[in-house]
Amino acid sequence: MNERHRVDQESASTKRDVIVLGLRRKILSRELDRGERLRQDQVADWFNASITPVREALRILEAEGLVTSEAHRGVRVAGVDVDRLKSLFVTRKLTETFAIARATTRISRHELRQAERLLEALDEASAEGDSLGRNTRNEEFHFFFYDRCGMPALRDDIAARWRAFPWDLTLDSAERLDQVHAEHQSIVDAVRDVDPDAAARHLGDHITNGFLRLAESTTGQAVSDPFDFDTD
């Protein structure tokens with residue numbers, strides 16, 4: 001491979017990654033609606049790119065579940081499939097509670113102050129009605145713990161599921177935001193007490209509450225907890 005060809009490939013990959021991040025941000029900030037069509041030429045204009053990196057970016061987002069592609073219908077922002085949402089919830093709860101339990105004994109009190117600052121920033125974004133900022137700070141708060149679980153491959157696996165989760169549809173009512181704050185604070189308190197079981201339990205409850213509310217708002221009816229084998 002000559003030097004010019006290598007540079008061209010690296011440039012295309014960089015542009016592709018820029019498009020992936022940009023489209024993901026547009027979806028999660030609700031700038032693009034669920035089910036909205038994405039024309040490749042329009043996306044190329046948004047990012048001043050050629051069609052090739054646009055196609056590559058759309059394939060990545062399709063693998064993440066954020067867009068769908070159908071013959072003769074093109075590419076659209078994905079809707080929410082309840083069965084897939086349940087699957088994401090189950091795997092998130094299993095992996096994330098395990099990760100925070102491992103992280104709890106690895107985090108110093110000094111480090112924990114960073115999580116408290118992230119929680120304050122999350123509350124500020126919520127109070128300002130900044131949905132994108134809220135989702136970004138929420139991710140940073142959670143991954144403060146997952147980054148410290150001591151298993152980088154597990155952390156990456158969790159990150160892949162986060163990218164597929166429909167954060168743009170999560171409820172932002174004042175009541176739910178107050179509950180989220182209390183749930184996050186319970187997680188921090190458990191980690192401060194170096195109690196892995198309590199940290200995992202509080203995180204599991206937090207993930208479950210978010211899923212049940214999101215599933216109900218998506219389907220228009222109450223959805224049972226998949227972990228409740230007697231009712232699901």
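Using Cα atoms only, what is the angle between the long axis of helix 51-64 and the major principal axis of the chain, expressed in degrees (0 to 90) to the nearest 10? The two axes meet at around 30 degrees. Once the gyration tensor of the Cα atoms in segment 76-190 is diagonalised, the equivalent ellipsoid follows with semi-axes of 23, 20, 12 Å, ordered largest first. Protection proxy ranking, highest mean first, for peptides 125-134, 49-58: 49-58, 125-134, where packing is the per-residue count of other beta-carbon atoms within 10 Å, averaged. Excluding ligands, DNA and RNA, the accessible surface per residue across the chain is 54 Å² with a 1.4 Å probe. When the Cα positions of PHE227, ASN138, ALA71 are compared along the charge dipole of the chain, ALA71 comes out farthest toward the positive end, with charges on each C-beta of Lys, Arg, Asp and Glu. Helix 3-28 axis versus longest C-alpha principal axis of the chain: approximately 50°, rounded to the nearest ten.
For segment 176-231, a crude dipole built from +1 on the beta carbon of Lys and Arg and -1 on the beta carbon of Asp and Glu, taken about the Cα centre, is about 240 debye to the nearest 20. Label segment 137-205 by shape, choosing from rounded, prolate and oblate, from the square roots a ≥ b ≥ c of the eigenvalues of the Cα gyration tensor; if a/c is under 1.5 it is rounded, and otherwise prolate applies when a/b is larger than b/c, oblate when it is not. Here segment 137-205 falls in the oblate category. In this structure, the amide hydrogen of VAL67, modeled 1.01 Å from its nitrogen in the peptide plane, lies closer than 5 angstrom to those of GLU62, ALA78, counting only residues at least 5 positions away or on a different chain.
In the chain, the portion of solvent-accessible area held by carbon and sulfur atoms comes to 47 percent [1.4 Å probe, whole percent, DNA, RNA and ligands not counted]. The value obtained for segment 173-224, namely the Cα convex hull volume divided by the number of residues, is 57 Å³ per residue. Using only Cα atoms, find the angle between the long axis of helix 174-192 and the longest principal axis of the chain, and express it within 0 to 90 degrees, rounded to the nearest 10. Approximately 70 degrees, to the nearest ten. By the equivalent-ellipsoid construction on the alpha carbon gyration tensor, segment 105-161 comes out with semi-axes of 22, 16, 4 Å, ordered largest to smallest. In terms of packing, defined here as the mean over residues of other Cβ atoms within 10 angstrom, the peptides 210-221, 14-25 line up highest first as 14-25, 210-221.
With the highest mean first, a sort of the peptides 86-95, 63-72 on other beta-carbon atoms found within 10 angstrom per residue produces 86-95, 63-72. Positive-end ranking of VAL194, ILE158, GLY204 along the dipole of segment 121-214, with charges on Cβ about the Cα centre, is headed by ILE158. Computed over the Cα atoms of the chain, pair by distinct pair, the Kirkwood hydrodynamic radius stands at 19.3 angstrom. Dipole magnitude for the chain: computed about the Cα centre from +1 point charges on Lys and Arg Cβ and -1 point charges on Asp and Glu Cβ, it is near 840 debye.
The values are calculated or read from the model by the stated rules, or taken from the named source; none is laboratory data. Bear in mind that the values here come from a model prediction, so they are computed numbers and not experimental data. Please note: Cβ atoms are built from the backbone with ideal geometry, for glycine as well, and neighbour counts cover all protein chains shown. Side chains included, ligands, DNA and RNA excluded: accessible areas come from the protein's heavy atoms. Shrake-Rupley method; radii C 1.70, N 1.55, O 1.52, S 1.80 Å.
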